[in-house]
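Working notes for the structure below.
The numbers here are math on the coordinates, done by the rules we state, and not lab data. As the structure is a prediction and not an experimental result, all values here were calculated from the model. Every residue, glycine among them, receives a Cβ derived from its backbone with ideal geometry; neighbour counts consider all protein chains shown.
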């Protein structure tokens, strides 16, 4: 069943996208973007991804700005968003969740936690 789900991975570091792809490609179809602007373009195309794994710290447009724009667009507003970041800060986590993200995962990513969090948010 999960093989039919499409995930959009968004991170300005291609190495991080490759790491996530390595964990997820056996379970999901993967699309990727290395900028917030590209992520918005991909997410708005039909069919939209089933879930977005979004880095917080990116140049030009950070993950919070991307999240705000996704939630403001009727085509993408319902897509679950999981933030991934190297920051461990309660205020930043609260900000991300307040913007509508479903979860906040801290780098380095624990593969088992990532897979469980994605599965739980796709089942909602």
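Of the listed requirements (1) crowded, with 16+ Cβ neighbours inside 10 Å; (2) farther than 15 Å from residue 9 by Cα, residue 112 misses just one: (1).
Which one is nearest to residue 42 (Cα to Cα), of the residues in the stretch 80-99 that are without any contact (Cβ under 8 Å) to a residue 40 or more places away in the chain and buried (at least 16 other Cβ atoms within 10 Å of the Cβ)? Going through the qualifying residues, I end up with 81.
Considering every residue within the stretch 71-78, establish whether at least one is in contact (Cβ under 8 Å) with a residue 12 or more places away in the chain, under 12 Å from the mean Cα position of the chain (by Cα) and crowded, with 17+ Cβ neighbours inside 10 Å. Within the stretch 71-78, not a single residue is in contact (Cβ under 8 Å) with a residue 12 or more places away in the chain, under 12 Å from the mean Cα position of the chain (by Cα) and crowded, with 17+ Cβ neighbours inside 10 Å. Checked against the criterion of being surrounded by 14 or more Cβ atoms within 10 Å (Cβ to Cβ), over 22 Å from residue 120 (Cβ atoms) and touching a residue at least 40 places away in the same chain (Cβ under 8 Å), the candidates 12, 62, 55 yield just one match: 12.
Evaluate the following for residue 24: is it buried (at least 16 other Cβ atoms within 10 Å of the Cβ) and out of contact with any helix residue (DSSP H, G or I) (no Cβ under 6 Å at 6 or more places or on another chain)? When the stated conditions are applied, residue 24 passes them. Each residue in the stretch 53-81 was checked for being in a loop (DSSP other than H, G, I, E, B) and either closer than 18 Å to residue 103 by Cα or in contact with a helix residue (DSSP H, G or I) (Cβ under 8 Å, 6 or more places away or on another chain) (or both), and 13 of them qualify.
Here the stretch 106-124 is the region considered, the condition is being outside any loop (DSSP other than H, G, I, E, B) and in contact (Cβ under 8 Å) with a residue 40 or more places away in the chain, and the residue that is farthest from residue 71 (Cα to Cα) is 111.
Of the residues making up the stretch 36-52, those that are within 20 Å of residue 109 (Cβ to Cβ) and either out of contact with any helix residue (DSSP H, G or I) (no Cβ under 9 Å at 6 or more places or on another chain) or in contact (Cβ under 8 Å) with a residue 60 or more places away in the chain (or both) are 50, 51. Inspect all residues belonging to the stretch 80-100 and state whether any of them is in contact with a strand residue (DSSP E or B) (Cβ under 9 Å, 6 or more places away or on another chain) and at positive phi. Yes, there is a match, as at least one residue in the stretch 80-100 is in contact with a strand residue (DSSP E or B) (Cβ under 9 Å, 6 or more places away or on another chain) and at positive phi. Give the residues of the stretch 86-105 that are part of a helix (DSSP H, G or I) and closer than 17 Å to residue 66 by Cα, sorted by residue number. Once the filter is applied, which keeps residues that are part of a helix (DSSP H, G or I) and closer than 17 Å to residue 66 by Cα, the stretch 86-105 yields 92, 93, 94, 95, 96, 97, 98.
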